[in-house]
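Novice: Please find one structure pasted underneath; my questions will follow.
The values are calculated or read from the model by the stated rules, or taken from the named source; none is laboratory data. Everything numeric here is computed off the predicted structure, so don't read it as measured data. So basically every Cβ, Gly included, is an ideal-geometry build from the backbone, and we count neighbours across all protein chains shown.
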Amino acid sequence: MRSIRIVHLGLGGFFRAHQAWYTGAGSDPGEWGIAAFTGRSATLADALSAQDCRYTLVVRGPSSDDLQVQKTLVSAHPGSDSATWRTLISAQSTALVTITMTEAAYAPSGVVADRLVSGLAARRLAGSGPLAVVSCDNLPGNGEVTARVVHELAARLDPALDEWITANVSFVTTMVDRITPKTTPSDVRDVESAGGWADAAPVVTEPFTEWVLSGDFPAGRPAWERAGARFVDDVVPHETRKLLLLNGGHSLLAYAGSALGHETVADAVADPVCRGWLDDWWDEACRHVPLPTGELSAYRSALLERFANPRIRHTLAQIAADGSQKIPIRVLPVLRGERAAGRLPTGAVRILAAWIDHLRGLGAPVSDAGAQPFTDRARSARDVLSLLAPDLAADDDLLKSVESTLRG
Ligand SMILES: NC(=O)c1ccc[n+]([C@@H]2O[C@H](COP(=O)([O-])OP(=O)(O)OC[C@H]3O[C@@H](n4cnc5c(N)ncnc54)[C@H](O)[C@@H]3O)[C@@H](O)[C@H]2O)c1
Ligand SMILES: O=P(O)(O)OC[C@@H](O)[C@@H](O)[C@H](O)[C@H](O)CO
C-alpha cells in the first residue's frame, strides 16, 4: 500500500519529471506516496487515475531515449475537488505540500494563496500539526513569495489562522531545473510502440536535472539528496544563475527567435544569429550572478548543449506565454544593473524589444492573462516601459536603443 505523505498542486508535466522523479529515486517503494491536483481541469487527473497513476517518464538524450515507469503518484484529482484537497492536507500523515502552478498563480489572493489557506485552515482544525510547503515555480525567492501571499490572505480572513501558520508552516525556497516540454500526441504514440503499453499520459524530459533547496521540513521529507538534490543555506546564487541564464535565454529565443520563424529552442540555437544574441545576453547576465567565472562558463557550455538537443521539441510558443510575469524576473534585474553601471546592454535590450514586437503581433502568439495593458500600449515603447518599469521610463538612451532594435 502506497501511503500519501505529499500533496501536490499543479499536476502537469514538470512535476512528474522533477519532484515525483526525485521522490521515487529518493525513497523506498511506497514510503512517500503523492496525491496530486491539477490547476483546474479533470482531463489529466482522469487519464492518470485510469492507469493506476503510473506513467512513463521518457528521458530523452540527443541520440536515445530511456523509458522509466514512475510509481510514486498514488492519486490524481481535478483542482475543483476542494473537499479532497482539504481532507488530504488535514491528514496527520501529510508532511509536505509541493507546488508547480506558474508564476501568474502567485498573485495576491490568487490560486496558490487561496488553495493553501483553505487547506491549512482545515489542517489546523484537524490538529494535525506542522508541515512544509515547497514551491517549485520559476520565481526568485519562491518560498518567501508563497509565505507572503499566504500570510496576507490568512491575516485578512482569520488572524488566529495566520498565527497558527506562523507557528506550524515552513516555506521552503527552491531552485528547480529540468526542461520538460508539453507532451504531444506523437509522444503518446512513440511511448506505446516503445514501452509496450497504452500510456495516455507520458512525460518527455531531458537527462539533466537540478534541485537546490533551503528551509526546514518539520514533518520530514524523502531523501531527495540520494537522487542529487542539494540542501543549502542560500538558494539565491543558484536561482539567479538559472533564472537569468536559462530562463532569460529561453525568453530571448521565444520572442526574438520566433520572430525569425523558428519553432523550437533547438531550431533557434542552430541559427548563428540567435546564437550570437544568446552570447550577448549571457555576457551581460553573467555580470549579475554571484558565482565564480569558471562555474558560469561551465554552466553556459552545458546549457548550450541542453538547448541544442534536437530530440527535445520545446516550443518557443510555450515559453513565450505569460511574458508580462516573466520579463520583470528574467530580464529587468540585468537591465537595471547594467544601466546603474553606465552600460547600455544590447542583449537585454534585444529581449525587451523582441517582447514588444511580440505584443505587436510578431513571432509567437500572445498567451498571457496579464498582457492587455501592455498590448494596448504596444505601439509606444515609452508607454510599455513606463508600465513595465517606471524607474527606467525616463532613461532616454535606453529608450532610443529599444526603439532602434524594434522590428515590427
Ligand atoms: N516545464 C518546465 O520545463 C519547467 C521547468 C522548471 C519549472 N517549471 C515550473 O513548473 C510550472 C508548471 O510547468 P508544467 O510544464 O508542469 O506546466 P503544465 O501546464 O503541464 O502544468 C501546470 C499545472 O498548473 C495549472 N495552472 C497553471 N496556471 C494556473 C493558474 N493560473 N490557475 C490555476 N491553475 C493553473 C495547470 O492547469 C496544470 O495543472 C511552470 O510554470 C514553471 O513555473 C517548469
Ligand atoms: O515554465 P515557465 O513557463 O516558467 O518557463 C518556460 C521555460 O523557460 C521553463 O519551463 C524552462 O524549461 C525550465 O525552467 C527549465 O528548468
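Novice: Within the set of pairs 6 or more residues apart or between chains, which connect a residue that is free of Cβ contacts under 8 Å to residues at least 40 places away in the same chain and assigned by TED's automatic domain parsing to the domain that holds Cys136 inside region 195-218 to a residue that is in a helix (DSSP H, G or I) and away from ligand 2 (no atom under 13 Å from the Cβ) with Cβ atoms less than 8 Å apart?
Specialist: What qualifies is Ala198/Glu192.
Novice: Further question on the same structure: So which residues in region 73-117 are touching a strand residue (DSSP E or B) at 6+ places or on another chain (Cβ under 9 Å), away from ligand 1 (no atom under 14 Å from the Cβ) and assigned to a helix (DSSP H, G or I), if there are any at all?
Specialist: Thr84, Leu88, Ile89
Novice: Let me ask something additional. What number of residues within region 95-132 are in contact with a helix residue (DSSP H, G or I) (Cβ under 6 Å, 6 or more places away or on another chain), away from ligand 2 (no atom under 16 Å from the Cβ) and β-branched (Val, Ile, Thr)?
Specialist: 1
Novice: Of all residues in region 254-283, which are of a type in the set (Val, Ile, Thr) and outside any helix (DSSP H, G or I)?
Specialist: Within region 254-283, just Thr264 meets the criteria.
Novice: Could you name every one of the helices (runs of 4 or more DSSP H) located completely within region 298-408 that has at least 2 residues being among the hydrophobic types (A, V, I, L, M, F, W, C) and crowded, with 19+ Cβ neighbours inside 10 Å? Break it down into steps so the answer makes sense when it comes.
Specialist: Numbers: elements: 316-320, 323-330, 332-340, 346-359, 372-377, 381-388, 396-405.
Helices (runs of 4 or more DSSP H) meeting the threshold: 316-320, 332-340, 346-359, 381-388, 396-405.
Novice: OK, next. Looking for something surrounded by fewer than 18 Cβ atoms within 10 Å (Cβ to Cβ) and either among the aromatic types (Phe, Trp, Tyr) or without any contact (Cβ under 8 Å) to a residue 60 or more places away in the chain (or both) - is there at least one such residue anywhere in region 172-183?
Specialist: Step one: of region 172-183, the residues surrounded by fewer than 18 Cβ atoms within 10 Å (Cβ to Cβ) are 182.
Now restrict to residues that are either among the aromatic types (Phe, Trp, Tyr) or without any contact (Cβ under 8 Å) to a residue 60 or more places away in the chain (or both): none.
No, region 172-183 contains no residue that is surrounded by fewer than 18 Cβ atoms within 10 Å (Cβ to Cβ) and either among the aromatic types (Phe, Trp, Tyr) or without any contact (Cβ under 8 Å) to a residue 60 or more places away in the chain (or both).
Novice: Let me ask another. How about region 1-59: which helices (runs of 4 or more DSSP H) wholly inside it have at least 1 residues that are surrounded by fewer than 15 Cβ atoms within 10 Å (Cβ to Cβ) and more than 9 Å from ligand 1 (Cβ to nearest atom)?
Specialist: On the way: elements: 13-17, 19-25, 43-49.
Output list reads 43-49.
Novice: In addition: Here is a list: Ala298, Ala302, Ala320. Which entry is more than 21 Å from the chain's Cα centre (by Cα) and either away from ligand 2 (no atom under 13 Å from the Cβ) or in contact (Cβ under 8 Å) with a residue 60 or more places away in the chain (or both)? Give the derivation first.
Specialist: Numbers: Ala302 fails: more than 21 Å from the chain's Cα centre (by Cα); Ala320 fails: more than 21 Å from the chain's Cα centre (by Cα).
Result: Ala298 is the single residue among Ala298, Ala302, Ala320 that is more than 21 Å from the chain's Cα centre (by Cα) and either away from ligand 2 (no atom under 13 Å from the Cβ) or in contact (Cβ under 8 Å) with a residue 60 or more places away in the chain (or both).
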